[in-house]
1. Suppose we keep just the alpha-carbon trace of the stretch B:103-151; what are its Rg and Dmax in angstrom?
2. Calculate the mean, over all residues of peptide A:183-196, of how many other protein chain Cβ atoms lie within 10 angstrom of the residue's Cβ.
3. Tell me, what is the 1.4 Å probe accessible area of residue B:548, in Å² to the nearest 10?
4. Of A:118/B:61; A:138/A:166; B:81/B:264; B:235/B:347; B:61/B:152, which ones are farther than 27 Å apart at the Cα?
5. Note the buried accessible area between B and A here, summed over both chains, with a 1.4 Å probe, in Å² to the nearest 100.
6. No solvent, one uniform scatterer per C-alpha: report log10 I(q)/I(0) for chain A via the Debye equation at q = 0.09, 0.11, 0.14 1/Å, two decimals.
7. Express the carbon and sulfur contribution to the solvent-accessible surface of chain A as a percent, rounded to the nearest whole number, probe 1.4 angstrom.
8. Using a simple spin-label model with points 7 Å from Cα along the Cα→Cβ vector, what separation in nm is obtained for residue B:334 and residue B:27?
Amino acid sequence: MMKSTLGRRNASQADTVAKRSSNQRFLLWIDGVGGFLTLLGERIVVGQPSAEGAVDLPIRADLSRRHCIIRREQEGYVLEPVQALSNREIRIDAQRIEGPTRLADGNVIDLGQGVKIKFSQPHALSATARLVMVSHHKTQPTADAVLLMSDTCILGPNSHCHVPCKAWQRDVVLYRRDDDLICRTQGPLEIDSQATDGHATIGRNARIEGEDFAIRLESL
Amino acid sequence: MSLNATKVSEEGKPLAGATKFTHPSGSRPLDGYTIKRGVGRGGFGEVYFGESDGGKEVALKLIRRNLEVELRGVRECLNLKHPNLVGLYDIKSDDMDDRWVVMEYVSGESLEALIDRHPDGMLRDDVLRWMHGMAAGVAYLHDHGVVHRDLKPGNILSDEGTVKIGDYGLAKFISCSRRSGQTESIGTIHYMAPEIANGRYGREIDIYALGIMLYEMLTGNVPFEGESVGEVLMKHLTAEPDLGVLDEPYRTVVARAMAKDPEKRFRSISEMIAQLPNAPAGGVARAAYTPADGPRVADSADEQDQVVPAVAISEETDEEPVAQAVRDGWRNIQSWWAELKLHAGVKTLLLVLVILGLIGFSEAWVPVLFSALLIYAVYWVVRAMVSPVMKASGKPPRVASPPVNGPSQEVVAQRIEAAQFVERRRQRGKHRRRHSWRDELRTTLVEKSVRDKLAELTGSMLLAALAAVPLSIVMCIFATPALGTTLQIEQAIWIALVGTVGAWAVMLPSKRWEGRHGDDGVRRFTMLVAGLAIGAMACGLAGLLMVELPDSNDFGGQGLLSGFHAADGTPTMLPYLAYFGFLFVILRWWRIADPLRTVRLSLWSTVWCVAWAWLLAQLWWFPQPWGLMLAGMIAMSTQLASPWIPHEERIGKQEADE
């Protein structure tokens, strides 16, 4: 009895994981700030862009199709090389890693072949992480940074925001409830040109506008 | 869309940091391209990041000022190809008849952002990499007959380690923001060569800008900084950059690139770059994304407000050349003094030594100065008479020099003219505004009741008397060594009394005239009468107190007129009357009692009064230094004692006015 419940829970967990890792991606276009590849999945496959689209975070670089996996575990992240590669070694802060390794704020991940990514978790109260290319390589599609979005993602004028938007007056928070994405801010807010009371569920291609900002989601 | 790009706040100013764009993400104003996001805004319009239907990432520049001539410059550059230039792909029109420039999207950070992150200067190797990249791109432009005209760190980008120069071929506005966003096309005065003021746009201006950027990369600061547009422009025109902080060969290169005279600069980019060390291998560093690196949108409110400096210069260049040269020289000395890195105490000591030296050798230089002034006065009068004739005879107006090379020279000339117009209008507006609040303040002064005025006057008179005591003591202390005698108490008393009465003589009529515009003639006549009265009083008082006023020859000659001495050598009444009468008639004394004067105690006004007193003494003998001391004392105690409206109150008034 116990076992079966457990088994069912595992199965449902696996389902969610599968669902989230496949296709839970969108681009966050913010006027005057940048474009951000946002990944909702708990398990992110990093690799070369491929036609099959099985890669969550494709980087236009000389990498393997499935180069490594970044997993969200509780409040932290673990980097896991996909297989032992004789000629491709992965390093974190210049330390070569053999197996799954926990990532810390400020780590620089070296995927080999000159591909370097900086990992950070800017906000203390959110598990959402940010990846920024340190080397000249670009993601596919091109983005200024990658957001591994946990429950919330904060856009705002402060440096600890996941997306710092210097010119803004106040924060805009995106958060997840079940499978919905909700946007919240103080002050006027329009979703797809419909005025709301500063708190609304948004679609995967929504246009969000406020007093001094304009954001659009583009699902991938 | 109700929240559109031109949204303004209630105050009518654009919202601080408004990041709103005309075309939202996802729209397709231009056939074949999808807008992804707005990147920045410049004087010409907006820049977007977009993608073609085929998946090519591009930057889309929307040219709102839809002038054919403006696009001509871009069109001429459309087929230029160089790895260090941002590639231009095409010019297109949309349904609204707006023009778009489709160009290469550069994702890296700008040199501006890099300099901002290195406030103490960048690494030498990086400086050289950027410098060589920029030089290659600019040399290519020059080789194709194009002058960039707006080289500045905000226009220089890096893409995967390659330096990319942007914004070439666009007609330029000139504004004063030092740092503007990556996509800003408004020029900044910090990189503007001096000859631009005269409408000269040769390739030398690019070399000048490169010199400034080299300096800025090495030190983290532009060589000429200032509070206002005018200040920075004036420095470009007259000041020398502080090259002491640079080492060789950079010092020589910057010095030559920044020569005021374009003929003295490097003749070509290659000549300039040949003097620098070779660029180390590797590309320019690509920095990780940080918020500061994001393209910033210029605060358009500020920009618009401060458009264009050129006017200030062109007006001033019509000035009398000798006076200008003297003033420039003085300014140079001032800035040299200000930048002299010495302890404040040492500086003061130096100043005192110089002054003592000047006093000690006054016999040598005073006659020379006096003759020079006389000659200048004659020259000035002749010039004043001749110059209207010259102007009438059709001296060509100052216009932009004929196009040397590069596209749309006439556009730039037009721009400058337009900008000058804006500036003139703005200044006029400002003047009007200043006048209106000034006038209003004047009215309040006039409207003051007689009782208030009397109360104020008696207060001021009392103050003047109080101020006269310490001033006379200080002056006597300084005067005694010059005379070579000991100080007598009667002298101090006499000085204090005459000074006090003199100040009263200025303050009494000034109070009556306060806040009114009056006829100078009448006022001067009144002052003449007051001066004569003071002269008589001073003479009488001298007799009464039996003051001896020994004359020191250090301060001037015997005067042009004789008969001023009694048989025993003491001065008669005549020199007193002549000296004070003329002193009061020649200067507009009421100005230093005006409550709306610029500063309460102006050293300049005081020096001016003393200088005139000295000049007078050359014509009418009066025992010196007593005459000079009195002139200085009347000026100082009047200013100290007269009411003065502080600037804060005036500003308050001004704001209330607006």
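1. Here Rg and the maximum Cα pair distance are 12.9, 36 Å.
2. Shielding by partners across A:183-196 averages 1.
3. Accessible area, nearest 10 Å²: 120 Å².
4. Details: A:118/B:61 31 Å; A:138/A:166 24 Å; B:81/B:264 30 Å; B:235/B:347 24 Å; B:61/B:152 19 Å.
Pairs exceeding the cut-off: A:118/B:61; B:81/B:264.
5. Using a 1.4 Å probe on protein heavy atoms, the buried area is about 2900 Å².
6. For the requested q values the scattering log ratios are -0.38, -0.56, -0.88.
7. Working: 4630 of 10050 Å².
Roughly 46 percent, rounded to a whole number.
8. It works out to 5.1 nm between the two label points.
The values are calculated or read from the model by the stated rules, or taken from the named source; none is laboratory data. Because the structure is a prediction, the values reported are computed rather than measured. Ideal geometry is used to build each Cβ from the backbone, glycine not excepted, and the neighbour counts take in all protein chains shown. All accessible areas refer to the heavy atoms of the entire protein, side chains included, with ligands and DNA or RNA removed. Shrake-Rupley method; radii C 1.70, N 1.55, O 1.52, S 1.80 Å.
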